[in-house]
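The values are calculated or read from the model by the stated rules, or taken from the named source; none is laboratory data. A quick note: this is a predicted structure, and the numbers were derived from the prediction, not measured. Cβ coordinates were reconstructed from backbone atoms using ideal geometry, including for glycine residues, and neighbour counts include every protein chain displayed. Please note that ligands, DNA and RNA were not included when accessible areas were found on the heavy atoms of the full protein model with its side chains. Shrake-Rupley method; radii C 1.70, N 1.55, O 1.52, S 1.80 Å.
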Amino acid sequence: ELADIIKHRRLEILFQPIIACRRGKVYGYEALVRGPSTSPLHSPMNLFDAALKSGCINQLDQTCRQLAIRQFKALKLKGKLFINVFPLAIVDGVSGVNEIMADLSQAGIEASQIVIELTEQFPIDDFEVMRTAMARCRELGFSMALDDLGAGYANLRNWSELRTDYVKIDQHFIQNIDQDSDKREFVQSILEISRRLDCAVIAEGVETLEEYRTLWSMGIEFAQGYYFGRPEAQPKGLL
């Protein structure tokens, strides 16, 4: 079933807005993938777990990326496009990066519009190799982001080692932050570190006006979550 899904591109690409808090406008969109709605592989976790076990993660990753780029262009969406990329596509010599550049060229999108998002779902083993690969990506115009900061020890180390352009704070620390002083202290600490690292912070999982107001008062630059918009095949932008 997975091979058929990849071959026939039976994947749905959804876009969720990322908001520039101070301006109250859409800064960009994160591209998210879903398998067929009638399949156990509808869940992205199940989909990518199956791909890892089947040894076809690179094919799935490339297919998702191509679909996301083409759909972003077809919908004439504005701002940055955040795409989740399997780290091996970055560190696998020149070919992986060239494939991304070819996809962008075909869609008529500049590399400067793309933010490559790395997640803890795919561990990074060799930081020196990863830093070299990231430097090449930046030379081509890409920006780099780290997802789910705070979700695990490895992710904190990833941020320390890789110094990405953006970091996303895990939604656990955002939910009910207006009512939880410990979460506010954690986020404040991340903000202080991010300023020294010249790294922009994105708060994930914002679901209420109270959470948004609290984050805004703390100086969060960007936010993402159901309060602004759910992942949609044709996003309406900021409501």
**Study point:** Near pairs, Cβ below 6 angstrom, 6+ apart or cross-chain, from the range 9-27 (over 13 Å from Y227 (Cβ atoms)) to any residue that is small (G, A, S) and not in a strand (DSSP E or B)
**Key:** I13/A68; L14/A233; V26/G79; V26/G237; Y27/G79
Exercise for review: Return the residue satisfying two criteria in turn: it lies in the range 16-46 and is at pLDDT 95 or above and hydroxyl-bearing (S, T, Y), and of such residues it is least open to solvent (accessible area, probe 1.4 Å).
Suggested key: Y29
Review point. Which of the residues that make up the range 120-161 are at pLDDT 80 or above, of a type in the set (A, V, I, L, M) and within 21 Å of A31 (Cβ to Cβ)?
Key: A133, M134, L140, M144, A145, L146
Practice item. Could you please give the count of residues in the range 180-202 that are within 18 Å of D148 (Cβ to Cβ), touching a residue at least 12 places away in the same chain (Cβ under 8 Å) and out of contact with any Asp or Glu (no Cβ under 8 Å at 6 or more places or on another chain)? Key: 6
Practice item. Within the range 59-86, count every residue that is crowded, with 22+ Cβ neighbours inside 10 Å and not in a strand (DSSP E or B). Key: 9
Exercise for review: Exactly one condition in (1) under 20 Å from K7 (Cα atoms); (2) free of Cβ contacts under 8 Å to residues at least 12 places away in the same chain is not met by K76; state its number.
Suggested key: (1)
**Study point:** Odd one out for I13, checked against (1) at pLDDT 95 or above; (2) open to solvent by 10 Å² or more (accessible area, probe 1.4 Å); (3) outside any strand (DSSP E or B)
**Key:** (3)
Check your understanding: Taking the range 156-178 as the search range and keeping residues that are touching a Leu at 6+ places or on another chain (Cβ under 8 Å) and basic (K, R), which one is nearest to F127 (Cα to Cα)?
Key -> R163
